[in-house]
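Data block below; observations after.
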Amino acid sequence: MSLKELKGQGHWPTVLAAFLYFDFSFMVWTMLGPLATEISESLKITQNFVMNADQKATLLAIPVLGGAILRVLLGFLVDKIGAKKTALMSQFVVVCGLFYAYFKGEQITYNELLIVAFVLGFAGGSFAVALPQAGQWYPPKLQGVVLGLAGAGNIGVVIDFIFAPKIAEIWGWQSVFLVGAVLSTFIFFVYLFMAKDAPETVYKANPKKLKDYGKLLKDKDTWWFCLFYAVSFGGFVGFANYMKVYLLNTYKPEMTEFGLGFLSEANVLVVAGYFGALCIFAGAVLRPVGGAIADKLGGVKSLYFFYGIVSLLAIINATFNLPFGLAILVLFLIMANLGMANGAVFQLVPQRFGKDIGIMTGIVGCAGGLGGTALIKTLGWSQSTFEGYTAGFFIFATVVLVAISGISLVKTRWRTTWGASSGGRI
């Protein structure tokens, strides 16, 4: 749909507020990724606490896990009390957590960091708030463009990796939490004054009950979609959060040399943030491209292609000691194909569960977060146990191959049952 069709319909301030809320929430949700090394070094100096690979992975996984769980909880609250109240309550919790981390600063303990990490999960739950808030104002034919605009906020993770390491270098890692707290406070007031819940004349709420979730969880297709999204979105958010740690553990000398030779940047932590942002950017911006390809070729063919490339590249990365430049290219392509796979999965979900898309978005989104949590912990375990990431990448490649096998098992049934009357390409 053309953006011109939005004129005169709905409520554009709500769409803008939803976009800003989603964008900054995604940024806050993933902010520990580009700061984990700085925080680890700070705890070692100030508290003589040495964070091992597994502990670092746990710290990075907690926000992803929290976001996965809280998406379902916040989805319930949206139905019960409205999207705006839910957004403001969630944002208030996030603001408190960020200010707490800032004021504790270098004196914060590892256990306190884990609590802060879970609080950041409330920002990850923004998926369940911002999208319904914007979509309620518009008719079905405009849902695609509206949700596309509101949901474009996953670019926030790229902003993290570009700016957070430099802010940490100049003012200390705790200053990044202060910046996040101030921005989150700003978004709180933006949402307070700009966003509005749609009136009943435009949108009539249909609150979901636990039995509605239970009914869908009995459907085997729900579990297949959970697997597919756990691989695609889980892979994207997992690698995004762990990217800087991985690069520093694997290519620190090469990045140091590149930073001094080409960027006039002596701080390798900042250089790692730039390369992380480059790789993550591919997955963040190509999700709509994946959806468009799926519309043309069908979601099944598209997932075969995207997953096939991801599994091949993961195996290559696990098997060979790649030179730095080639490794960055491989990571860039992995993230690009995971991002496009996200779009392909959600080309299929509305065709199968069109009448329950709200609930399915929460269930499948939760599975994506759980997949990301598992990937981060797997990479941390691989580094801790084998002092490298070969095992972690092989395990991830195996899971992707399982997903490809799953597609082969369901494609004929899908195409001859609901796919035959869905109106889209399967």
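Which net charge results for the neighbourhood of S382, defined as the other residues with beta-carbon distances under 15 angstrom from its beta-carbon, given Lys and Arg at +1 and Asp and Glu at -1? Please report the intermediate quantities before stating the final value.
Values: positive: K56, K377; negative: D54, E387.
Computed value for this residue: 0.
First select every other residue whose beta carbon is under 12 angstrom from the beta carbon of V78; then total the charges, Lys and Arg +1, Asp and Glu -1. Mind showing how you got there, number by number?
Numbers: positive: R71, K80, K84, K85, K208; negative: D79, D197.
Neighbourhood net charge equals +3.
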Derived scalar couplings ³J(HN,Hα) [region 327-336; Karplus, 6.51 cos²θ - 1.76 cosθ + 1.60; whole Hz; x for Gly, Pro]:
4, 5, 4, 4, 5, 4, 6, 4, 5, 4
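What stretch of the chain, leaving out the sites themselves, is the longest with no trypsin sites (Lys or Arg not before Pro) in a DSSP loop having at most 11 other Cβ atoms within 10 Å?
Values: sites that count: K7, K204, K209, K218.
Excluding the exposed sites themselves, the longest stretch runs over 219-426.
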What stretch of the chain, leaving out the sites themselves, is the longest with no GluC sites (Glu not before Pro) in a DSSP loop having at most 15 other Cβ atoms within 10 Å?
1-199
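Heavy-atom accessible area per residue, the chain, 1.4 Å probe: how many Å²? Before the final figure, lay out the partial values.
Working: 17800 Å² over 426 residues.
Computed with neighbouring chains in place, this is 42 Å² per residue.
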Amide N proximity, region 173-197 versus K85 label position 7 Å along Cα-to-Cβ, cut-off under 17 Å:
192-193, 195-197
Once phi is turned into θ = phi - 60°, what whole-Hz ³J(HN,Hα) does the Karplus curve with 6.51, -1.76 and 1.60 give for every residue of region 20-30, x standing for Gly and Pro?
5, 4, 5, 5, 6, 5, 5, 5, 5, 4, 9
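Please work out the ratio of the alpha-carbon Rg of the chain to 2.2 N^0.38 Å and round it to two decimals.
Details: Rg = 21.0 Å, N = 426, 2.2 N^0.38 = 22.0 Å.
Relative to the rule-of-thumb radius for its length, the chain sits at 0.96.
So between V202 and T412, what do we pick up on full extension, going 0.36 nm a residue minus the alpha carbon distance? Please list the in-between numbers first.
On the way: separation 210, 0.36 × 210 = 75.60 nm, distance 3.91 nm.
Here the segment from V202 to T412 would lengthen by 71.7 nm.
Want the number for S422 to S384: 0.36 nm per residue separation, take away the alpha-carbon distance, what's left? Numbers along the way, then the final one.
Working: separation 38, 0.36 × 38 = 13.68 nm, distance 4.72 nm.
The span from S422 to S384 would gain 9.0 nm if fully extended.
Within the set of other residues whose C-beta is less than 11 Å from the C-beta of F324, count the net charge using Lys and Arg as +1 and Asp and Glu as -1.
Numbers: positive: K252; negative: E254, E257.
Net charge around F324: -1.
Please list, by residue number, every one of the chymotrypsin sites (Phe, Trp or Tyr not before Pro) in region 316-387 that is coil in DSSP and has at most 13 other beta-carbon atoms within 10 Å. Walk me through the numbers before you get to the answer.
Working: sites: F320, F324, F332, F346, F353, W381, F386; in loops: F320, F353.
Loop-located and lightly packed - F320.
Given Cα pairs under 8 Å that are at least 6 residues apart, what percent is the relative contact order of the chain? Walk me through the intermediate numbers first.
Numbers: 689 pairs, mean separation 101.0, N = 426.
Dividing the mean separation by the residue count of the chain yields 24 percent.
Rounded to whole Å and sorted largest first, what semi-axes of the equivalent ellipsoid does the C-alpha gyration tensor of region 288-391 yield via the square root of 5 times each eigenvalue? Provide the component values of the computation, followed by the final result.
Numbers: eigenvalues 173, 67, 16 Å².
Semi-axes (√(5λ), whole Å): 29, 18, 9.
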Once you have the Cα-Cα distance between W12 and K252, take 0.36 nm times their residue separation minus that, and quote the gain in nm to one decimal.
81.8 nm
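Where the accessible area of region 42-83 is counted over protein heavy atoms with a 1.4 Å probe, how much of it, in %, is carbon and sulfur?
Within region 42-83, the accessible surface is 62 percent carbon and sulfur.
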I want to check the label-to-label distance for L333 and L217. Put each point 7 Å from Cα in the C-beta direction and report it in nm to one decimal.
4.0 nm
Go ahead and run the numbers for FRET between N48 and L263, Cβ-Cβ distance against an R0 of 41 Å, rounding to 0.05.
0.80
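The values are calculated or read from the model by the stated rules, or taken from the named source; none is laboratory data. This structure is a prediction, so every number in the text was calculated from the model and none was measured. Positions of Cβ are generated from backbone atoms using ideal geometry, with glycine treated the same way; all protein chains shown enter the neighbour counts. These accessible areas exclude ligands, DNA and RNA; they are computed on the full protein's heavy atoms, side chains included. Shrake-Rupley method; radii C 1.70, N 1.55, O 1.52, S 1.80 Å.
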